[in-house]
Amino acid sequence: MSTDGTNVRHLYVHLPFCAHRCGYCDFVTVVGRSDHHGAYVDALLLELDRERGVLADPIATVFVGGGTPTFTEPEALRRLLGALPPAAEVTVEANPETVTPELAALLREGGVTRVSLGAQTFAPRLLEVLERVAGPDDVRRAVHTLRDASFDNISLDLVYGIPGQEPSDLAHDLAEALALAPEHLSLYELEAKPGTRFTHAWGDELVRQSEAMEGYFERVVETLTAAGYRWYETANFCLEGSAAGGRDFRAHHNLGYWQGHDYLGVGVGAVSTIGRGDGTAVRRRNLPAVFRYVAALSVGADPPREIEPLEVATLREERLMLGLRLDEPLPLRAVEEAIDGEALERLVERGLIERLRADGGEALRLTNRGRFLGDAVTADLLVA
Amino acid sequence: MDQGHIRNFSIIAHIDHGKSTLADRILQLTDTVADRDMREQLLDSMDLERERGITIKAQAVRVAWKGYQLNLIDTPGHVDFTYEVSRSLQACEGAVLVVDAAQGIEAQTLANAYLAIENELEIVPVVNKIDLPSADPDGAALEVTQLLGGDPADVVRISAKTGINVDQVLDAIVERIAAPEGDLEAPARALIFDSSYDQYRGVIAFIRVVDGRFETGSALRAMALGTQFDAEELGFMSPSRVPVKELVAGEVGYVITGLKDVSALRVGDTLTTRKGAAAKEPLPGYKDVKPMVFAGLFPSDSDEYPELRDALERLKLNDAALFYEPETSRALGFGFRCGFLGLLHMEIVRERLEREFDLDLIVTAPNVAYRVLERNGDWREVHNPSEMPAELEEVEEPYIRASIIVPKEYVGTVMELNNERRGNFDQLEYLSPERVHLTYDLPLAEIVLDYYDQLKSRTRGYASFDYDLSGFQAGKLVRVDVLVGGEPVDALSLIIHREFAYDRGRLLVEKLREEIPRQMFDVPIQAAIGSRVIARETVKARRKDVLAKCYGGDISRKRKLLEKQKKGKKRMKQVGGVEVPQEAFLAVLNLDGDKKK
């Protein structure tokens, strides 16, 4: 799985700019500053140039995330997309209110094959809690605009567990999303991440409602699988079978993370994990400082980074942790040494894990109930 | 020194009334300790003692005052150590009774004051903290004399904190307390009132010479236990050890014995010489103190078992009353069943193990010693509920004779409490128009958990409580087992009177339901007598435990969270695949508190 640092097939590109910072967000974002977008993209392309040697030719996927990539000043965005290496899947994240026919055309021309829209919820009062700018109509219009530009792979992000969200709100959100027939859906439980404004304002409420919300995840899975979607990763669903016209609509870029492949990340805050050819790897994280990032690259230096060496055992642990999020079997041989055998037996007995044969070897897969408890199962499974 | 110039005394006081501060001032005033070397509360040498404001191990310090030799013998102040207190008092001719000028007489003072009177000690009443704005020295003095007799004008009014009138206390000790009257020519006899262990020199016994003389190097014998040794060194504390050639009748000091086993010398035993005129009669009052309260001590991390064993070995050197034997629990692994004098003793041992030896422990709920009739007609003593036969045909449990002194308005309250605890009323007497002395027979099992706390809180702290073991009596007892996830948890079994079994069982499973976190599956919790389930609760399974988002930038954070989750589990004990947190093993301790809500 791991490369030797010369044939990485997944590229992540971070565009940090946003019109507004939402209270719950803990990504690396920069508000406004459209006059700096050009300089940032220049620096980003310099970093990409410096790293080009690690990439395979061709690469498999590109993911442009943010921030709000589509908030980036159009000329800068165009320049960036034009300079990216070609790939079979090129995803760009977009906020609904930024999707205009002009933007859709720009994306298409830039080789984008897939758009991920941050819808979050269709309930106006809950959008307000999340401090989102777009309304429900913006989401619908964005989807239609993208369809008109012949995008045939659209993903919607939804959030559940919003303070004040009733079960009926959740049902309504799911129905609205399904009505738009997206090829892919990501469903995230709202996380109160430490240090965010949102946690400060709503943390207590989230704790209070946590038990009541326990069933929400189950409802999400029931509803979406009943509508013909494949629950292929803990939080991700895609059309399958005849509804998919035989295509595999899984997010192949993200699949790379979950399958333990190497990836290169460029831009502020971006993370790379690159093998060293001996089974170990290095994870580096560009520091979330835009001006230092631009300054370093403009003088031909590496951007400031944190380095985390990853030993074989650590990678194996991650492989287990990520691989069990998927609906496809995880080959046992890859993770066997990270597993506590007694715990495995116990978990199989309790119906949380199943052992099966795949590709001629033994493999593991969480049962449906096991997937709802994925973190607890994985923690239990790891050798102490 | 001739006996006419010796005074031996203790200081007795309610907790926080200033005993240790007074002792410190005495050491300074008599130049025993230079001001610059003064550490607060020098006598309480263990950290734990200083922190809790209580004295655990008695010590003796010799000071010089106006040509007199004064020996201050410190006493522990808690009911668990009544026997040690009584031995310390027996080594004295008098006691300084310290009463807080703002608080007046309090319950705990009395038990020790009465103990002093029983030992025929002269009491020098002292009212302390007269510098406090809320002080009422005259009121406090009046209260003391109403209780003990005497003239309020004779009560010394001091501030140990500032040192005001502390010299008058020393003068009063010389004037009022009798000089010792031992027979210098009689065979040598000395009372052991405390002992400690020095890793280089072995057991050090603190003694009060009653008759005759002891010389360095002489061959000695402890009369009750028969232990023999040579006096490697004799001396007194001032406050560190000062060797002398001999200790004579009336004097207080120490003997370095070279013995390597502290249990070879017991507090209360009598020392005499082996050669020449050995004493025939020991001093009265020796008791073999047996632990009556037992609990399992287990390392949280089973890898720490050897460390726990070593730590107990070392504690035992300093604490002859501590008993331990290896125990294996299905739920908690390898550990020790330990015996204690009482709950405070248990608490002190636990804290010392955790603090001085840096151990992380699980302590099971304490129980008493039981006597079980075997098929062959022999009585067997059982220290662990899980060793009890399920059907308890013939079982005896230890009883105590409880002595409770309480203001008369609380008599009803105390009777009610004692009835709840299976007590049998014995007698009631008026000590004064205000104060009543109640005696009850109570099963020891009923007081080990929280009796003392309940007594204190229900009488607003006024009750004083003391007890003596009075032997074993048959009881209608049953063993209640607890099953978690269908598996019995031996460490949670308890022996209880048949009448209370249902209530306790129900409370216990309710408590456990709160303590055991939700797992990945339903966990039934049952209480059972034999195969009969008497109470049941279920910890409902968790339905969700997974972080939604996990992409390239989240992996390290996620992995660390997982490792933390894993570590948290390691601290819990696995019982049939159920993670039981350590707090759950103490659930049984809090049952009564909850019942009152």
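Some points to look at:
- For the protein assembly as shown: rounded, prolate or oblate by the Cα gyration tensor [a/c cutoff 1.5]: prolate
- C-alpha center-to-center spacing [region B:442-516, region A:284-308] in angstrom: 65
- Antiparallel DSSP beta bridges within the protein assembly as shown, percent to nearest 5: 75
- If you take the Cα centroid of region A:112-132 and the Cα centroid of region A:37-85, the two points sit 24 Å apart.
- Nitroxide proxy distance, nm - points 7 Å out along Cα→Cβ at B:Glu246 and B:Asp131: 4.5
- Average beta carbon contacts from partner chains per residue of A:371-384, 10 Å cutoff: 6
- Gyration tensor (alpha-carbon) shape descriptor, region B:243-362, a/c threshold 1.5: prolate
- For chain B, the longest principal axis of the Cα atoms and the long axis of helix B:305-318 meet at an angle of about 20 degrees.
- Principal-axis tilt of helix B:107-118 within chain B, Cα atoms, nearest 10 degrees: 50
- Only DSSP H runs of four or more residues enter the estimate; each adds -39500 (n - 2.57), and after division by the residues of chain A the mean residue ellipticity at 222 nm equals -11000 deg cm²/dmol.
- Loop-located chymotrypsin sites (Phe, Trp or Tyr not before Pro) in region B:378-424 (DSSP state other than H, G, I, E, B) with a sparse environment of at most 10 neighbouring Cβ atoms within 10 Å are absent.
- Against chain B, whose longest principal axis is taken from its Cα atoms, helix B:19-29 shows a tilt of about 40°.
- For B:555-568, mean number of other protein chain Cβ atoms within 10 Å: 5
- Greater than 27 Å apart at Cα, pairs in B:Lys316/B:Lys456; B:Lys19/B:Lys66; B:Lys476/B:Lys511; B:Lys316/B:Lys511: B:Lys316/B:Lys456; B:Lys316/B:Lys511
- Using the Cβ-Cβ distance between A:Glu354 and A:Val383 with R0 set to 25 Å, the FRET efficiency from 1/(1 + (r/R0)^6) comes to roughly 0.75.
- Footprinting exposure proxy for A:Ser155, B:Ser300 (fewest neighbouring C-beta atoms within 10 Å first): B:Ser300, A:Ser155
- Cα gyration tensor, chain B - rounded (a/c under 1.5), prolate or oblate: prolate
Every number in this text was worked out from the coordinates using simple rules, so none of it is lab data. Not measured: the values here are computed from a predicted model. Heads up, the Cβs are rebuilt from the backbone with ideal geometry, glycines too, and the neighbour counts pull from every protein chain shown.
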